[in-house]
Amino acid sequence: MADVIIAGGGPTGLMLACELRLAGVDVLVLEKLAARTGESRAGGLHARSVELLDQRGLVDRFLAEGTALPLAHFAFMHLDLDDFPTRHPYAIAIHQSRIEQLLEDRAIELGVRLRRPAAVTGLRQDETGVEVEITGEQGTELLRADYLVGCDGGRSTVRKLTGIAFPGTEATLTALLGDVELTDPPAEVVFGPEGRRENGFYMNFHSEYPGMYRIITVEFDKVTDRDEPVTVETLSEACAKIAGTDFGMHSARRLDRFSDACRLVDRYRDRRVLLAGDAAHVHFPSSGQGLNLGLQDAVNLGWKLAAVVRGQAPDELLDSYHDERHPATTRMLDNIRAQTALWPAGPHADALRGVFADLVESEDGNRYLGGVISQLDAYYPVDGGHPALGRRMTDLDIKSPSGQTRIYELLHAARPVLLDFTGRPHLRTVLDGWTDRVDLVEAEPQDDHWAFPVIGDLPAAAAVLIRPDGHVAWVAATAADGAGTATPESDTAGLVPALTRWFGPAAAHRELDAA
């Protein structure tokens, strides 16, 4: 018996497992592969993902093994993040295989249980939990948990077993990827628009495997069955067709196929079964969003699921996972479709790329597209009038009674934080019923304003309630906000509903309900 079973030991599943364990939830991760393949589909972490790792005190581990680079781009048009209010205006170039290993190391540190090989082959849920059928080295077993989360990839067994629909757009092109040896390697790396041709585009760069190259081809005029096998000959023919040469490729270590099919589940939840990562959404890998979207899913879901499992919040809190992540992912998938439309060569696509190139060069265009691609403009609608509500909290330097710190260091334990910038005792009184779940920090900001991407600078506030995922759940009304003279009643207005909405009823209320 486990509190939560996670199907899939990739980056999304491991990140979710870490989030749950920080809250004391018993987690079992099931991975169908007996061992990691060492292959990397993704090759980097965008700025908001870097911030999420910073919020958990993990960013230095990833920086030690990766390289910080200004890699944000829209259809390979460079985006400048230097003016965005973040300590991390860059991506970390790091192979997925290392991301997975670092997250697995952290999960084990936290006490996550991991079983491999163990494939989910069936499930049945009732009002009290989920019965999961798995197949592994010991044959077929039945396990039980309060909740099951499918993080088992684009062909998710969990999604299919629950019957959750997976609507979207069909493939219009075929892409091949291979890590191969080359007898006649190219003189220069091709990674961007210079590889565009009328019948497709290609890329070549050094593989993560020593002495090998990664060759990627995209054929605009060809759609093949996704189950059709990929061979060195298949890749060679596609490369020669587009690039005019196959560079003498041979001895493949990895061969794969993907397309621009773009799909998103119609619901992230079916009662006690939830989906995250590629199990919930698939798309063409423009600007490298897949793994990053999965990490966003995990950090949004983790604290909510933990609160429900521990009886601190009602089951309805889990509905907000779909309500927040579905529109955010829809927006990203539309952005990816737009990038794909810019790839074909020809007068119309070239003209469209020219228009976007001008937009990217403009301040407003760079801010908009840079916010989307980096995910620094991640926003979840929250009731209330303050424009910061629902947005990510920037990592301000603050001075607290315990000394100089910064906001993201306060989030390492994945607990919500109520920042009090005024030192008013009534805030502590209001928070009394939530001190088991919410940390109160009296602080003095070292900046005279907040800065949020897209909406500009905001005036300092009297107090801010920050969710464990770093998003703003409540802001105190102050005179600076145009609310007139602040009073104990005005600058705590809405705090109790916000605490109850996101973190469950006050402890005394929970005890009465239980009685």
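Would you please name the residue that is modelled with the lowest pLDDT, looking only at residues in the stretch 432-454 that are under 14 Å from residue 466 (Cβ atoms) and among the hydrophobic types (A, V, I, L, M, F, W, C)? Let's see the steps before the verdict.
Filtering the stretch 432-454 for residues under 14 Å from residue 466 (Cβ atoms) gives 434, 437-441, 443, 445, 450, 452.
Next cut, among the hydrophobic types (A, V, I, L, M, F, W, C) only: 434, 438, 440-441, 443, 450, 452.
Values: 434: 95, 438: 96, 440: 94, 441: 93, 443: 85, 450: 61, 452: 58.
Among those that are under 14 Å from residue 466 (Cβ atoms) and among the hydrophobic types (A, V, I, L, M, F, W, C), it is 452.
Consider the stretch 369-386 and keep the residues that are outside any loop (DSSP other than H, G, I, E, B) and of a type in the set (Val, Ile, Thr). The one that is surrounded by the fewest Cβ atoms within 10 Å (Cβ to Cβ) is 372.
Number of residues in the stretch 67-99 that are closer than 26 Å to residue 218 by Cβ and crowded, with 18+ Cβ neighbours inside 10 Å: the value is 14. Of all the listed residues (226, 253, 263, 267), the sole one being assigned to a strand (DSSP E or B) and within 29 Å of residue 329 (Cβ to Cβ) is 263. Take the conditions (1) buried (at least 22 other Cβ atoms within 10 Å of the Cβ); (2) modelled with pLDDT under 95; (3) not assigned by TED's automatic domain parsing to the domain that holds residue 74; residue 215 misses just one of them, which is (2).
Of the residues 349, 280, the single one that is surrounded by fewer than 23 Cβ atoms within 10 Å (Cβ to Cβ) and hydrophobic (A, V, I, L, M, F, W, C) is 349. Here residue 245 fulfils each of the conditions (1) part of a loop (DSSP other than H, G, I, E, B); (2) crowded, with 18+ Cβ neighbours inside 10 Å; (3) of a type in the set (S, T, N, Q) apart from (2).
Check the stretch 382-403 and report whether any residue there is free of Cβ contacts under 8 Å to residues at least 40 places away in the same chain and over 29 Å from residue 328 (Cβ atoms). Among the residues of the stretch 382-403, at least one is free of Cβ contacts under 8 Å to residues at least 40 places away in the same chain and over 29 Å from residue 328 (Cβ atoms), which makes the answer yes.
Taking the stretch 321-346 as the range and being surrounded by 16 or more Cβ atoms within 10 Å (Cβ to Cβ), under 18 Å from the mean Cα position of the chain (by Cα) and of a type in the set (Ser, Thr, Tyr) as the test, the residues that pass are 321, 329. Of the listed requirements (1) in contact (Cβ under 8 Å) with a residue 60 or more places away in the chain; (2) under 21 Å from residue 32 (Cβ atoms), residue 80 misses just one: (2).
Looking only at residues in the stretch 24-66 that are over 26 Å from residue 332 (Cα atoms), charged (D, E, K, R) and touching a Ser or Thr at 6+ places or on another chain (Cβ under 9 Å), which one is surrounded by the most Cβ atoms within 10 Å (Cβ to Cβ)?
Only one residue fits best here, namely 32.
Select from the stretch 39-77 the residues that are small (Gly, Ala, Ser) and within 19 Å of residue 285 (Cα to Cα) and list them in ascending order.
Here is the first cut: in the stretch 39-77, the ones small (Gly, Ala, Ser) are 40, 42-44, 47, 49, 57, 64, 66, 68, 72, 75.
Passing the criteria: 40, 42, 43, 44, 47, 49, 72, 75.
The values are calculated or read from the model by the stated rules, or taken from the named source; none is laboratory data. Predicted, not measured: the structure shown is a model, and the values here were computed from it. Here Cβ is always computed from backbone atoms with ideal geometry, including for glycine, and neighbour counts include all displayed protein chains.
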